[in-house]
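S.K.: This is the structure I have questions about; it appears just below.
Values quoted throughout were computed directly from the atomic coordinates according to the rules given, and no laboratory measurement underlies them. Nothing here was measured: the structure is a model prediction, and the numbers come from that model. Because the Cβ atoms are built from the backbone with ideal geometry, glycine has one as well, and the counts that use them run over all protein chains shown.
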Amino acid sequence: MAITAETKKMTTLQVKRFKPSENPTNTYLTDEKGVWAWMTTVDHKKIGIMYLVSVAFFFALAGFLAIALRTELWTPAKTFIEADTYNQLFTLHGAMMVFFVLIPSIPAALGNFILPMQLGAKDVAFPRLNLASFYIYVIGAIFTFAALASGGFDTGWTFYTPYSSDTNAAGVIWVTLGVFILGFSSILTGTNFIATIHKLRAPGLEWGKLPLNIWALYATSIIQVLATPVLAITILLLAFENIMDIGIFDPAKGGDPVLFQHFFWFYSHPAVYIMIVPGFGIISEVITTFSKKTIFGYWAIALSSLAIAFIGFLVWGHHMFTSGQSAVATTVFSFLTFLVGIPTGIKILNWVATLYKGSIQMKTPMLYVFIFLFLFSIGGFTGITLGALSVDIHLHDTYYVVAHFHYVMMGGTLMALLAGLHYWWPKMTGKMYNETLGKISAVLIFIGFNMTFLPQFVMGAQGMPRRYYNYIDQFTPFHQTSTIGSYILGVAFLIILYYLLKSLFGGEKAPSNPWNSRGLEWQSTSPPDFHNFDHTPVVINGPYDYHKPMEEFQLGLAVSHNGHDAHADVETKEEKA
Amino acid sequence: MANHSASQPAHVHHHFVDSEQQFDTAKLGMWVFLVNEILFFGGLFCAYIIFRAWYPELYTQAALQLDKTMGGINTIVLIFSSMTVAFAIRCAQLNNIKWLRWNLMFTILLACVFLVIKYFEYEHKLHLGIAPGSYWNPTPEILEVLDHPKANIFFSIYYIMTGIHGLHVVVGIGLMIWLYIRAGKGHFSSEYYTPVEITGLYWHLVDLIWIFLFPLLYLIE
Amino acid sequence: MNAQEHQGHHIASAQMLWTVGIGLFILTILTVTISSLGLPSPLDILAALTIAACKAYLVAAYFMGLKWDNKFNTILILGALAFFILMVSITLLDTMYRIEVVPSF
């Protein structure tokens with residue numbers, strides 16, 4: 001923002017209160033109707049919903065694959081799937097979950113909907129780019145299906161060379177191209193968010209008043225923009241290696257297969273922070289709303305997101321401790337990995353401190369927050385365990401790793417996604433879901449999840465390797481417990497699908513602010529207006545100032561004014577509406 | 001009442017308050033995209049550095065096969081194309097649409113010259129059997145001066161780096177032709193020339209990448 | 001409306017553009033000349049990269065307008081370079097310190 005003088009512009013803005021209507025006639029759902037309108041929309045809210053539906057679809061698909069895998073593992077030898085098919089199934093499960101569900105889920109689905117509203121903006125900075133990024137996601141998905149149609153791929157989602165570069169599977173080429181294309185979707189979303197957060201904030205919304213969800217999405221977008229291009233070049237080099245045999249990863253030609261791992265993990269480790277950091281943002285939002293309290297340690301949480309983004313780029317070699325990389329690199333990576341746990345730990349402690357002396361309401365979103373705190377802490381601690389170099393030599397490529405990343409990705413990101421989905425569902429759809437069913441399925445998920453993955457820690461420590469189709473008999477009770485747990489999880493997700501869909505067709509109408517949150521996105525109608533707000537919001541308080549009255553969060557410009565200078569010191573003259 | 005920028009000119013989109021905000025945001029968005037491009041090429045430069053550290057004598061030997069003169073001319077060509085695109089922006093800012101178009105045309109022509117020179121470079125090498133990957137099949141004369149067993153690695157890196165750079169040049173040409181046409185239809189003025197500005201930034205990046213590619217590939221002695 | 005009144009839209013002067021252009025041209029000649037001197041390694045790489053960095057600075061600061069632009073855009077580019085350097089240096093910690101000099105398994 002170009003300002004001519006060095007001093008901040010002092011402006012006094014006339015504001016008045018704009019209480020959102022409880023009976024909106026025109027919403028973003030009614031203003032643009034029909035399939036074509038949805039397919040060509042540039043409205044961030046609709047794009048967010050389209051992402052949500054796609055993510056849910058892929059989650060169901062990959063989840064179904066998981067159930068198939070777990071069923072196969074009921075007995076040590078073949079149960080009903082061939083070994084080669086098994087390899088393809090876990091590869092597909094991993095690739096789909098990572099690239100089509102977890103990476104886009106919170107930023108693209110929930111973030112797209114909520115971010116502009118939390119900033120008081122009418123849309124993201126580049127709405128047409130936003131639509132493009134959705135279609136790029138779809139095209140990437142089509143390429144992946146093409147890969148399946150042309151014989152599939154069984155390299156594991158990590159595509160390690162030399163197998164991935166030597167194998168003749170046309171499927172590998174298709175899926176690598178699909179991932180290449182998908183990467184651009186991620187990059188464009190990140191670009192959009194960075195520009196929006198910098199440029200489209202409502203008057204009065206300074207950096208210190210931003211909701212922590214915004215800080216989290218900001219950190220995520222930075223990671224997306226810096227890391228994803230390296231994935232793109234890695235995938236391209238893999239494709240060239242596969243098609244043309246250029247030799248960069250082939251030792252016979254003077255290349256190095258470990259180099260592929262360096263390039264791959266340079267993206268894929270920060271990628272896991274792309275998955276979890278937006279989840280952290282959601283936790284901050286939900287935990288404050290349902291404790292009716294301001295967050296403990298605002299700046300600690302905000303800056304720790306940036307710290308995680310930065311340190312996350314320095315630790316990728318902890319996936320390669322047994323790959324043959326030098327002892328120097330290995331030691332450095334192990335040390336740096338311990339560091340990355342610190343900002344995350346700060347967040348967890350701050351969230352727990354937020355609960356203290358709060359007025360806690362155990363609604364479904366809050367239930368998921370507690371589940372998150374428990375499961376993600378286990379996931380995080382076991383990550384540190386794996387980061388300990390000497391221990392990892394024993395645990396690498398065992399079920400311990402599998403359990404760890406499911407605890408952080410599913411117990412972390414997915415729980416946060418469910419929390420956010422249940423939190424913002426009334427806002428997005430204008431409907432309330434069945435609270436009792438919500439609570440029941442949350443409990444089922446908790447039970448099912450632990451039953452599925454806790455035994456895997458023990459198995460892994462006892463030596464059960466990952467990606468193995470067969471196993472020795474001593475692991476049978478663990479595998480069988482795990483399989484039963486996965487069925488419970490499956491049932492729980494079906495229940496969630498059921499009551500969410502049911503709420504759309506005849507659920508109770510949602511008020512504009514069912515949770516009495518102070519968030520700016522709640523000071524609009526449910527569902528919101530096509531332009532989000534029918535006024536320009538003005539922000540005078542911090543995002544979690546629950547000790548201030550609700551009226552102070554519903555202010556908007558009373559007179560038509562340029563008002564785009566968020567640096568303006570805002571003095572408000574309230575005229576009670 | 002909705003705060004639409006109803007009094008704003010047509011090119012200002014509804015979610016922006018004014019032209020200034022839209023312009024600054026577009027520039028910020030393009031700079032973020034350039035960060036992205038830097039990391040993309042960065043991966044290739046990283047591979048280059050690693051292999052050079054492993055096989056320094058290969059690089060010295062293999063680089064002799066690259067034509068310094070052609071590379072040098074291409075560098076000058078790109079530098080001047082950067083200059084003409086900067087002039088194009090200046091003309092847009094001064095509302096001189098006629099010279100905006102001329103400068104865009106100069107840039108396009110210079111970019112085409114770059115591609116033509118590149119084509120001759122590639123053709124010459126492929127003729128000698130210096131090809132990437134499994135097509136590596138150098139003539140005996142070449143093998144006499146280039147006897148390093150891993151020579152194909154250098155040239156694979158060369159082809160991929162210059163090839164992807166060349167692709168970016170082609171995209172740039174396409175963008176500038178589109179700008180040329182739009183300028184002809186009167187879409188741009190000193191009030192609104194944002195697409196020219198951000199395409200210019202992209203083009204400068206293409207030049208920047210080459211500024212590093214040239215010495216690292218061609219000037220190894 | 002006078003273009004000069006646009007807040008924040010710095011208009012480059014023709015003289016400045018030509019000067020920078022000629023400067024870049026000269027630096028190119030310089031780098032080609034130096035390379036043919038056959039300096040010992042690592043001096044030759046250092047010289048080439050220094051000149052390239054100067055050229056890059058001229059393009060970024062003057063042609064791309066960073067000198068007169070929002071400071072944040074400069075931070076973005078420096079940040080990108082910083083991460084690139086991190087990527088290379090940490091990878092080299094592995095590739096340069098292997099016990100086996102070059103993988104030839």
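S.K.: Determine the shielding of peptide A:121-129 by partner chains: average, over its residues, the number of Cβ atoms on other chains within 10 angstrom of each Cβ.
M.R.: Shielding by partners across A:121-129 averages 4.
S.K.: Can you bin the range C:3-95 into rounded, prolate or oblate? Criterion: square roots of the alpha carbon gyration tensor eigenvalues sorted a ≥ b ≥ c, rounded for a/c under 1.5, prolate for a/b above b/c, oblate for the rest. Mind showing how you got there, number by number?
M.R.: Details: a/c = 6.10, a/b = 1.38, b/c = 4.42.
In terms of gyration-tensor shape, oblate.
S.K.: Separate question: Please tell me which of these pairs span more than 24 angstrom C-alpha to C-alpha: A:LYS19/A:LYS431; A:LYS19/A:LYS209; B:LYS98/C:LYS71; A:LYS347/A:LYS502?
M.R.: Cα-Cα > 24 Å for B:LYS98/C:LYS71; A:LYS347/A:LYS502; rest within.
S.K.: Quote the relative contact order of the range C:3-95 in percent (integer), defining contacts as alpha-carbon pairs under 8 Å separated by 6+ residues.
M.R.: Across the range C:3-95, relative contact order equals 28 percent.
S.K.: Please report Rg over Rh for the protein assembly as shown, where both radii come from the alpha carbon positions and Rh follows the Kirkwood definition.
M.R.: Rounded to two decimals, Rg/Rh equals 0.97.
S.K.: What list of ³J(HN,Hα) values in whole Hz, one per residue of the range B:165-174 in order, does the Karplus curve 6.51 cos²θ - 1.76 cosθ + 1.60 (θ = phi - 60°) give from phi, with Gly and Pro shown as x?
M.R.: Residue by residue, the range B:165-174 yields 4, x, 4, 5, 5, 4, 4, x, 4, x Hz.
S.K.: If I fit a long axis through the Cα atoms of helix C:43-58 and take the longest principal axis of the Cα atoms of chain C, what angle between them do I get, 0 to 90°, rounded to 10?
M.R.: Compared with the principal axis, the helix lies near 20 degrees.
S.K.: Another question, then. Could you name the aspartates and glutamates in cross-link range of A:LYS122, using Cα to Cα under 14 Å and dropping any fewer than eight places away on the same chain?
M.R.: Result set, ordered by chain and number: A:ASP43, A:GLU521, A:ASP529, A:ASP534, B:ASP18.
S.K.: Residue by residue, what Karplus-based ³J(HN,Hα) values in Hz, rounded to whole numbers, does the range A:199-214 have, using 6.51, -1.76 and 1.60 with θ = phi - 60° and x for Gly and Pro?
M.R.: 10, 10, 7, 5, x, x, 8, 8, 4, x, 10, 5, x, 5, 4, 5
S.K.: Within a 10 angstrom radius of each residue's Cβ in C:64-70, how many Cβ atoms of other chains show up on average? Whole number is fine.
M.R.: Mean partner-chain Cβ count within 10 Å for C:64-70: 5.
S.K.: Tell me, how many Å apart are the Cα centres for the range A:387-438 and for the range C:59-73?
M.R.: 43
S.K.: Counting each DSSP H run of 4 or more residues in chain A as -39500 (n - 2.57), what helix-only mean residue ellipticity at 222 nm follows after dividing by all residues, to the nearest 500 deg cm²/dmol?
M.R.: Details: 18 runs with 337 residues, N = 577.
Result for chain A, helices only: -20000 deg cm²/dmol.
S.K.: For a quick check, take a GNM of chain B with Cα springs below 10 Å and name the residue from B:PHE155, B:PHE16, B:PHE188 with the largest mean-square fluctuation.
M.R.: B:PHE16
S.K.: Please name which of A:PHE153, A:LEU414, A:LEU210 has its Cα lying farthest along the dipole of chain A towards the positive end, using unit charges on Cβ (Lys, Arg +1; Asp, Glu -1) and the Cα centre as origin.
M.R.: Farthest towards the positive end: A:LEU210.
S.K.: With contacts defined as alpha carbon pairs under 8 Å and 6 or more residues apart, what's the relative contact order of chain A in percent?
M.R.: Working: 983 pairs, mean separation 138.4, N = 577.
It rounds to 24 percent for chain A.
S.K.: Which is the longest run of chain A containing none of the trypsin sites (Lys or Arg not before Pro) found in DSSP loop states (not H, G, I, E, B) with at most 11 other C-beta atoms within 10 Å? All intermediate terms of the calculation are to be shown ahead of the outcome.
M.R.: Working: sites that count: A:LYS8, A:LYS9, A:LYS33, A:LYS357, A:LYS576.
Answer - A:34-356.
S.K.: Still on this model: Give the cross-link partners of B:LYS125 among the lysines, using a straight C-alpha distance below 28 Å as the criterion and excluding same-chain residues fewer than 8 apart.
M.R.: Within reach: A:LYS253, B:LYS68, B:LYS150.
S.K.: Can you work out ³J(HN,Hα) from phi for every residue in the range A:347-362, in order, using Karplus 6.51 cos²θ - 1.76 cosθ + 1.60 and θ = phi - 60°, giving whole Hz and x for Gly and Pro?
M.R.: 4, 4, 5, 5, 5, 5, 5, 4, 5, 4, 6, x, 9, 7, 10, 8
S.K.: Quick check: net charge around A:GLU435, other residues with Cβ under 11 Å of its Cβ, Lys/Arg +1 and Asp/Glu -1? Walk me through the intermediate numbers first.
M.R.: Values: positive: A:LYS363, A:LYS439; negative: A:GLU508.
Within the 11 Å Cβ shell, the charges total +1.
S.K.: Over the whole of A:187-197, what's the average partner chain Cβ count within 10 Å per residue? Rounded to a whole number, please.
M.R.: Across A:187-197, the average partner-chain Cβ count within 10 Å equals 4.
S.K.: Which of the listed residues, B:PRO138, B:GLN93, B:HIS187, is farthest toward the dipole's positive end in chain B, when Lys, Arg count +1 and Asp, Glu count -1 at the beta-carbon?
M.R.: B:HIS187
S.K.: If you wrap chain B's Cα atoms in a convex hull and average its projection over all directions, what's the area in nm²?
M.R.: Mean shadow area of the hull around the Cα atoms is 14.2 nm².
S.K.: Please give every one of the aspartates and glutamates within straight-line cross-link reach of A:LYS78, meaning a C-alpha to C-alpha distance under 17 Å, and leave out same-chain neighbours fewer than 8 residues apart.
M.R.: A:ASP473
S.K.: For the peptides C:11-19, B:76-84, what is the packing order when you average, over each peptide's residues, the other Cβ atoms within 10 Å and list the highest mean first?
M.R.: B:76-84, C:11-19
S.K.: Hey, in the GNM for chain C with a 10 angstrom Cα cutoff, which one of C:PHE83, C:PHE63, C:PHE72 fluctuates hardest?
M.R.: Comparing C:PHE83, C:PHE63, C:PHE72 in the GNM, the peak value goes to C:PHE83.
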